[in-house]
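Q: Take this structure first; my questions come after.
The values are calculated or read from the model by the stated rules, or taken from the named source; none is laboratory data. Just so you know, these numbers come straight off a predicted model, no measurement behind them. Every residue, glycine among them, receives a Cβ derived from its backbone with ideal geometry; neighbour counts consider all protein chains shown. Protein only, heavy atoms only, side chains kept; ligands, DNA and RNA dropped before computing areas. Shrake-Rupley method; radii C 1.70, N 1.55, O 1.52, S 1.80 Å.
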2 protein chains.
Amino acid sequence: MHFDSEARLDGGVLRRGFTHDEVPGVLWTPASATSSAPVPLILLGHPGGLRRMHPRLEARARHCAGLGYAAATVELPGSGERPSIAVVERARTDLRQAIAAGERPSDDVVDRLILPLVEQAVPEWRSVLDAVLELPEVGGPVAISGGVIAVGVRLAAVEPRIVAAGLFAGSYVPRSIIEQARLVTVPVHVLLQWDDRGNDRQMALDLFDAFASREKTLQANTGGHTGVPQFAADDASRFFARHLG
Amino acid sequence: MHFDSEARLDGGVLRRGFTHDEVPGVLWTPASATSSAPVPLILLGHPGGLRRMHPRLEARARHCAGLGYAAATVELPGSGERPSIAVVERARTDLRQAIAAGERPSDDVVDRLILPLVEQAVPEWRSVLDAVLELPEVGGPVAISGGVIAVGVRLAAVEPRIVAAGLFAGSYVPRSIIEQARLVTVPVHVLLQWDDRGNDRQMALDLFDAFASREKTLQANTGGHTGVPQFAADDASRFFARHLG
């Protein structure tokens, strides 16, 4: 992990840009994070495009820092300045055509759009997790928050260091990922925007049903994709506080 | 409204048993409630059987008092010491037979079980509301909390003094009541126990979808009918605090 930028933000939060195995990312640590008092970590998911997403990611990271947690994110495969993935781009075109025609995207389109991302992103996130947890000021436990939900599900299913998953049901989920949700046993908090037209509500409900977690919460709210109410964000924060301490 | 018992509980909460038009009920008011500082009111729903439900109702009422709210409840038609309703009793037998046979209860059984309750209970609750709001120490606004969800939906649809509805999706809902949910515009917070075997999950989702409220939240949690987690109860409290002040 190579740090290539560093800035101290208001409130003492340290923001460091990094590159890890050619993947760009950002790490935010609160002023309280020291080698004698290492802090928990939240992996911040996003839909891809670190530069475009930066203001929202930094707001979420500062919120994490306020709770005493470090936050880290990495660019998704095929997004931002990373080389595009041809099969995903073709699937995205097919998805747009289906939606424009008022059709439900086929399972095949969803698989081609999402599965390559999952296959490539999950090992990358786990490798970044290895590197971040080697820093003396970051100690875990680790949670994931938001982003492409299929990536979050796979991460929660395969990565034993993740103790809680706060997920946003705002992107399509391949059937095979719904099956993998049956392997997830950590506490799960799923936000669903009930009127999100670019999402498949029934798929989100099927996914929620599949989690094997003893503690799982679905919170559905009125509104479209970007309309998550403040109180729902607050409830999600309390979910992380319950499980990260 | 005739008060027939009175007790001062720990913390200064005043509990008064009452009879109103031959219907028994209980009113709890916090010590802070005075004619110069009248408090908001929460109507506490329940499945019927005031005596049996008393410990849980009083715990909820004391929680309300801790938030600065009065709480009132009344016996349901056909429950506790009130005369039973023959059509409802027959429907209850049919419901038990259907469940024992592993069948989904028919719409007809649900209608016969629930609609007579709704028809009789809603005017009774509204009449009790008239009487309680005449007390100088209770001023409103008014919310409803839990109980037979079809009663809560009808109340929220027809009673303009209700500004918020916290509902528990734990009992069957007639199709006609789902239609009436389209008239509900106040903020709604619906708790659903995802693994409640005595409930119809899809019916609860259809009901949630029907509310016309600009703010509506569905919170579904792992567990059976009586397993609502503490954090979900806390989230519901915050819902009331947002809307009752």
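Q: Taking the label point 7 Å from Cα in the Cβ direction, how far apart in nm is B:ALA98 from each other copy of itself, listed shortest first?
A: 3.6
Q: Is the range A:163-245 rounded, prolate or oblate when judged by the Cα gyration tensor, a ≥ b ≥ c being the square roots of its eigenvalues, rounded requiring a/c under 1.5 and prolate requiring a/b larger than b/c?
A: Oblate shape, in that a/c is at least 1.5 and b/c is the bigger or equal ratio.
Q: Using a Gaussian network model of chain B whose springs link C-alpha atoms within less than 10 Å, name the residue from B:TRP125, B:TRP28, B:TRP194 with the highest mean-square fluctuation.
A: B:TRP194
Q: A follow-up question, please. Give the interface area between chains A and B as buried accessible surface, both sides summed, probe 1.4 Å, in Å² to the nearest 100.
A: Approximately 1700 Å², summed over both chains.
Q: On to the next question. Quick one: check the C-alpha center-to-center distance for the range A:1-52 versus the range B:22-73, whole angstrom.
A: With the range A:1-52 and the range B:22-73 each reduced to a Cα centre, they are spaced 49 Å.
Q: Using θ = phi - 60° and the Karplus relation 6.51 cos²θ - 1.76 cosθ + 1.60, list the HN-Hα couplings for the range B:68-85 in order, rounded to whole Hz, with x at every Gly or Pro.
A: In residue order, the calculated couplings are x, 10, 6, 9, 9, 9, 9, 5, 6, x, x, 10, x, 8, 7, x, 6, 10 Hz.
Q: If the label for B:SER127 sits 7 angstrom from Cα along the Cα-to-Cβ line, what are its distances to the same label in every other copy, in nm to one decimal, shortest first?
A: 7.4
Q: At a 1.4 Å probe radius, carbon and sulfur cover how many percent of the accessible area of the range B:1-125?
A: Its accessible area is 52 percent carbon and sulfur atoms.
Q: Okay, moving on. What is the packing order of peptides B:54-63, A:150-159, B:82-91, A:206-215, taking the mean over residues of other C-beta atoms within 10 Å and listing the highest first?
A: A:150-159, A:206-215, B:54-63, B:82-91
Q: Rank B:THR226, B:THR29, B:THR34 by accessible area, highest first, at a 1.4 Å probe radius?
A: Largest accessible area first, the list is B:THR226, B:THR34, B:THR29.
Q: I've got another one for you. Once you order the gyration tensor axes a ≥ b ≥ c over the Cα atoms, which shape class does the range A:198-245 get: rounded for a/c under 1.5, otherwise prolate or oblate by comparing a/b with b/c?
A: Since a/c reaches 1.5 but b/c is at least a/b, the shape of the range A:198-245 is classed as oblate.
Q: Let me ask another. Have a look at the DSSP beta bridges in the range A:1-116 and tell me what percent are antiparallel, nearest 5.
A: 85 percent
Q: If amide H atoms are built 1.01 Å from N in the plane of the peptide, which residues on other chains or at least 5 residues away come under 5 Å of the amide H of A:LEU191?
A: A:LEU167, A:PHE168, A:ALA169, A:GLN219
Q: Among A:VAL109, A:GLY68, A:VAL132, whose Cα projects farthest towards the positive end of the dipole of chain A, with charges put on the beta-carbon of Lys, Arg (+1) and Asp, Glu (-1)?
A: Looking along the dipole axis, the top candidate is A:GLY68.
Q: Quick one: 3J(HN,Hα) in Hz for the range A:236-241, Karplus 6.51/-1.76/1.60 with θ = phi - 60°, rounded, Gly and Pro as x.
A: Calculated HN-Hα couplings, in order: 5, 4, 5, 4, 5, 4 Hz.
Q: In addition: Let me make sure I get this right: for the range B:101-245, a, b and c are the square roots of the gyration tensor eigenvalues over alpha carbons, sorted descending. Under 1.5 in a/c it's rounded, otherwise prolate if a/b > b/c, else oblate. Which is it?
A: The shape class here is oblate.
Q: List the pair-distance distribution P(r) of chain A, using every Cα-Cα distance, as the percent of pairs falling in each 5 Å bin from 0 up to the bin containing the longest distance, rounded to whole percents.
A: 1, 6, 14, 19, 20, 18, 12, 7, 3, 1, 0, 0
Q: Using amide H atoms built in the peptide plane, which far-off residues or other-chain residues are under 5 Å from B:GLY45 H to H?
A: B:SER145, B:GLY146, B:GLY147
Q: Using the Karplus curve 6.51 cos²θ - 1.76 cosθ + 1.60 with θ = phi - 60°, work out ³J(HN,Hα) for each residue of the range A:128-143 in order, rounded to whole Hz, and write x for Gly and Pro.
A: 3J(HN,Hα) across the range A:128-143, in whole Hz: 5, 4, 3, 5, 5, 6, 7, 5, x, 8, 10, x, x, x, 10, 10.
Q: Compute the label-point distances linking A:LEU183 to its equivalents in the other copies; points lie 7 Å from Cα along Cα→Cβ; give nm, one decimal, shortest first.
A: Relative to the other copies, A:LEU183 has label-point distances of 5.1 nm.
Q: Still on this structure, please answer the following. Given R₀ = 35 Å, what would the calculated FRET efficiency be for A:THR226 paired with B:ASP195, taking r from the Cβ atoms and rounding to 0.05?
A: Rounded to the nearest 0.05, the efficiency is 0.65.
Q: Another question, then. In square angstrom, what is the accessible area per residue of the range B:8-117 with a 1.4 angstrom probe?
A: For the range B:8-117, the per-residue accessible area is 47 Å².
Q: I've got another one for you. Percent antiparallel among DSSP beta bridges with both residues in the protein assembly as shown, to the nearest 5?
A: 45 percent
Q: Run through every distinct alpha carbon pair of the protein assembly as shown and return the Kirkwood hydrodynamic radius in angstroms, one decimal place.
A: Radius from the Kirkwood sum: 24.7 Å.
Q: Nearest 0.05, what FRET efficiency do B:HIS2 and A:ARG214 give at R0 = 41 Å with Cβ-Cβ as r?
A: FRET efficiency, B:HIS2 to A:ARG214: 0.25.
Q: Using modelled amide H (1.01 Å from N, peptide plane; none on Pro or chain starts), what sits under 5 Å from the amide H of A:VAL184, excluding residues fewer than 5 places away?
A: For A:VAL184, the qualifying residues are A:ALA212.
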